[in-house]
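Values quoted throughout were computed directly from the atomic coordinates according to the rules given, and no laboratory measurement underlies them. Note that the structure is a prediction, hence the values are computed from the model and not measured. Cβ placement follows ideal geometry from the backbone for every residue including glycine, while neighbour counts extend to all protein chains displayed.
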Amino acid sequence: MISSLFKPEEFGEMFKNEQFEEIYSLSSKDFQDLISLEDFIELSMSFNEGVNYYKLEFKSILKGLNHYIWLDDRESKAISVSVDKNLQIQSLLLKPYGASVESDTVYTKNKYSMPIEDEWVVYWGGANEMVNYHYTYENQRYAYDLVKTGKDNGTNKDTDYLNENYFAFSKDILAPEDGKVIKVIDGVKDNVPGEMNANNPEGNYVIIEHANKEYSMLAHLKKGSIKVKTGEQVNEGQHIGHCGNSGNSSEPHLHFQVMDSADLEKAKSIRIRFKDDYEPIRGDTISNKKENKDSFEDRVEKAENALTFTDFILAIPRAIAQIFK
Ligand SMILES: [Zn+2]
């Protein structure tokens, strides 16, 4: 069996060595339905042009999926791969790297804290589409999807079809910064995990207006859990509602974003500047507990890095360091 010999960490080398048939045979049926072997080989050959080697830059484990990102030696191309427990390749993304959009350089004027208590994990988040699926959409480009995990990095215990079995469900969601509540939608029922409600994508949500005409949105909240009213002034850290599974949500999680308008049709997502100058990405464990913060030196270094174009590359080594702690 080929798969028993497959070491995901060596994927970059396999790809460079043109072991495309082997890679193709390791990929899921869904992937094979998307692209034929011939097309895959052709695409991969042309992707490899000018590349001397690929280096592994990122690894995270979430919900039993190992996610890896390789960059080529010139850091102009990226390969993103996720592999399941059976060593089957579930996703493979080849793309140019470093072609940043202008909005990547514009951060919120206000500083925010993560709207959660205790430890959560960033399921999607960061300023590129490999670590953040929202990135493709301008209106939610810098959004975060946050979950809570247990043993084995899973997000639920026991059966997966009950919201109550998910670690994030019903947990308190907090205001990320002082402001005024300007929109509250409640009454959308929580989905059975695995099902989605595309008619009300945001589900139950709250929009808070902050200084500098910045607006935060907390979405997919639990039905009937919202504690604040439109027009109400709230303070950072104030309890807003409970994490739920309403709207276009396949399992309990919080969607958090900051935007330039309260009008969801017109709003553009803004990259979030955090109070501790630490910008989490996919796979990071986040916390509002003071003792988990980085040392002062690390924070100064990160604050400097945060505004440079290469910030994703700089962010990767620390992500690896965190995961293997
Ligand atoms: Zn989301």
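Sort 280-288, 159-167 for me by packing, meaning the mean count of neighbouring Cβ atoms within 10 Å per residue, highest on top. The partial results should precede the final answer.
Working: 280-288: 20.2, 159-167: 15.1.
By packing density, highest mean first, the sequence is 280-288, 159-167.
Distance between Cα centroids, the range 89-149 to the range 207-253: provide it in whole Å.
Result: 19 Å between the Cα centres.
Tell me, what are the semi-axes, in whole angstrom and largest first, of the equivalent ellipsoid of the range 102-293 as set by the roots of 5 times the Cα gyration tensor eigenvalues? Could the numbers behind the result be given before it?
On the way: eigenvalues 103, 73, 56 Å².
Its equivalent ellipsoid spans semi-axes of 23, 19, 17 Å.
Mind scanning Lys109/Lys266; Lys189/Lys227; Lys213/Lys275; Lys151/Lys189; Lys180/Lys227 and naming the pairs with a C-alpha gap bigger than 24 Å?
From Lys109/Lys266; Lys189/Lys227; Lys213/Lys275; Lys151/Lys189; Lys180/Lys227, over 24 Å: Lys151/Lys189.
Can you divide the C-alpha Rg of the range 148-202 by 2.2 N^0.38 Å and report the result to two decimal places?
Computed over Cα atoms of the range 148-202, the ratio equals 1.42.
For the range 3-96, what does the alpha-carbon gyration tensor say about shape, rounded, prolate or oblate, given a ≥ b ≥ c as the root eigenvalues, a/c under 1.5 as rounded, and a/b over b/c as prolate?
On the way: a/c = 1.67, a/b = 1.14, b/c = 1.46.
In terms of gyration-tensor shape, oblate.
Report the far tail of the P(r) of the range 87-155, meaning the percent of Cα-Cα pairs longer than 14 Å.
70 percent
Can you pull the Rg over Rh of the range 1-158, Cα-only, Kirkwood? If you can, show how the numbers build up before the last one.
Values: Rg = 17.3 Å, Rh = 17.4 Å.
Using only Cα positions, Rg/Rh for the range 1-158 is 1.00.
Report, in cubic angstrom per residue, the convex hull volume of the C-alpha atoms of the chain.
Working: hull volume 46.6 nm³, N = 325.
Spelled out: Cα convex hull of the chain, divided by residues, is 143 Å³.
Using the Karplus equation 6.51 cos²θ - 1.76 cosθ + 1.60 (θ = phi - 60°), what ³J(HN,Hα) coupling, rounded to whole Hz, does each residue of the range 54-61 give in order, writing x for Gly and Pro?
Listing the rounded values in order: 10, 10, 6, 10, 8, 8, 9, 10 Hz.
Using the C-alpha gyration tensor of the range 120-217, what are the square roots of 5 times its eigenvalues, in whole angstrom, with the largest one first? Walk me through the intermediate numbers first.
Values: eigenvalues 120, 64, 42 Å².
With the √(5λ) rule applied to the range 120-217, the semi-axes are 25, 18, 15 Å.
Sequence-distant or interchain residues sharing an amide H contact under 5 Å with Leu62, placed H: which?
Amide H neighbours of Leu62: His67.
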